[in-house]
Amino acid sequence: MSENGDFIIKINDISKDYGKFRALESMSFTVPRGSIYGLVGRNGAGKTTIMRIISGLQSPTKGTVEYGFDNKKLGNVGALVELPSIYSNYSAKDNLIFQYINLGLKIDGSLDENLRFVGLGNTGSKRAGKFSLGMRQRLGIAMAMCGNPEVLILDEPINGLDPQGIIQIRDLLIKLNKEKGITIIISSHILSELSKLATDFAFIEAGKVIKEIKAEELENVGGLVTEFYTGTPEQLIPVLNAKGLKATFDPESRVVTAKGYYNLTNIVTAASEAGVNIARVVTRETDLETYFVKLVGGESNA
Ligand code: ATP
């Protein structure tokens, strides 16, 4: 445990220069143990660079990475940071055998179990070159999983996948996190997808972390918010609550605010039956992407 809680990785003030170009600028963030930590940012923001540094594939110009586990043990950091290095002429099982040999692992029943876990248990002698992109990504994840890593680092694993492939990867990552307790650091520019699985987020822009936020806090940022204007706000609140909406009343503005989605006709009818007249309704919707664009103060290409 550290003074900041149980972290698995802590990025301390990291900068990275490529010649005169500064790709990362005093970047700091903390990945809690057991989390699915999402790195969100536009192309070129610095996600791949920091993931390569965490994986030990690159050194920072300045700053340190602190590991809350033995990062020197081979296979303890599972990474899929570029395209997975898969031998196209070999089957999924052969590829895993090579990986076991690379890591000096004993080839035992865990190999088939790894294949089954990622949903490639039935691919037999089919060559990996004939796999769909989603299958290749899942094979890459199985390879990164061979050393039973403490942390799995995945750079844009859903990039280019079809909707079904995206769901399969998402479900697999949630299963790895929940059943095997693996901390996952994942980057994506598809914000809405990341928001379906990440427990924590770091928003990255121009080599800096501009915001770290927990999923619960994001829930309060996103979604539909409605302001109800009525002469009898105290009576409206129980009507909204009965419809499953969380409502609050601001005595100063005399506006009732509710969060969540609803059927307006049902609300107006229920209010009317309770003797409440709704004079006006104002809605606004904020999603993760809008939030991010506001944070960086411009248009997002995400
Ligand atoms: P993408 O999703 O496009 O890869 P990213 O957020 O992962 O975006 P990085 O790949 O980390 O971004 O790149 C961060 C910045 O560093 C970019 O401006 C990129 O052009 C630059 N960069 C990355 N690698 C190198 C390199 N080897 N030499 C010079 N510049 C580099």
> Within the stretch 18-43, restricting attention to residues that are within 11 Å of the ligand (Cβ to nearest atom) and under 18 Å from the mean Cα position of the chain (by Cα), which residue is modelled with the highest pLDDT?
Replying inline: Leu39
>> Can you go through Lys106, Lys72, Lys10, Lys16 and tell me which one is surrounded by fewer than 19 Cβ atoms within 10 Å (Cβ to Cβ) and outside any loop (DSSP other than H, G, I, E, B)?
In response: Lys10
> Scanning for something surrounded by fewer than 20 Cβ atoms within 10 Å (Cβ to Cβ), over 30 Å from Arg42 (Cβ atoms) and assigned by TED's automatic domain parsing to the domain that holds Gly68, does the stretch 161-176 turn up at least one residue?
Replying inline: no
> Identify, please: which residue in the stretch 44-67 is of a type in the set (Val, Ile, Thr) and over 18 Å from the mean Cα position of the chain (by Cα) and is, among those, farthest from Leu194 (Cα to Cα)?
Replying inline: Thr61
> Restricting attention to the stretch 96-103, does a residue exist that is surrounded by fewer than 21 Cβ atoms within 10 Å (Cβ to Cβ) and either part of a strand (DSSP E or B) or within 20 Å of the chain's Cα centre (by Cα) (or both)?
Replying inline: no
> Looking only at strands (runs of 3 or more DSSP E) that fall completely inside the stretch 161-253, which ones have 3 or more residues that are in contact (Cβ under 8 Å) with a residue 40 or more places away in the chain and farther than 30 Å from Ala23 by Cβ?
Replying inline: 223-230
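Out of everything in the stretch 44-66 that is part of a loop (DSSP other than H, G, I, E, B) and on the phi > 0 side of the Ramachandran plot, what residue ends up being farthest from the ligand (Cβ to nearest atom)?
Result: Gly56.
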>> Can you go through Gly56, Gly75 and tell me which one is in the same structural domain as Ile182 (by TED's automatic domain parsing) and touching a residue at least 24 places away in the same chain (Cβ under 8 Å)?
In response: Gly75
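The values are calculated or read from the model by the stated rules, or taken from the named source; none is laboratory data. Quick caveat, the model's predicted, so the values are computed rather than measured. Methodologically, a virtual Cβ is constructed for each residue, glycine included, from the backbone with ideal geometry; neighbour enumeration extends over all protein chains shown.
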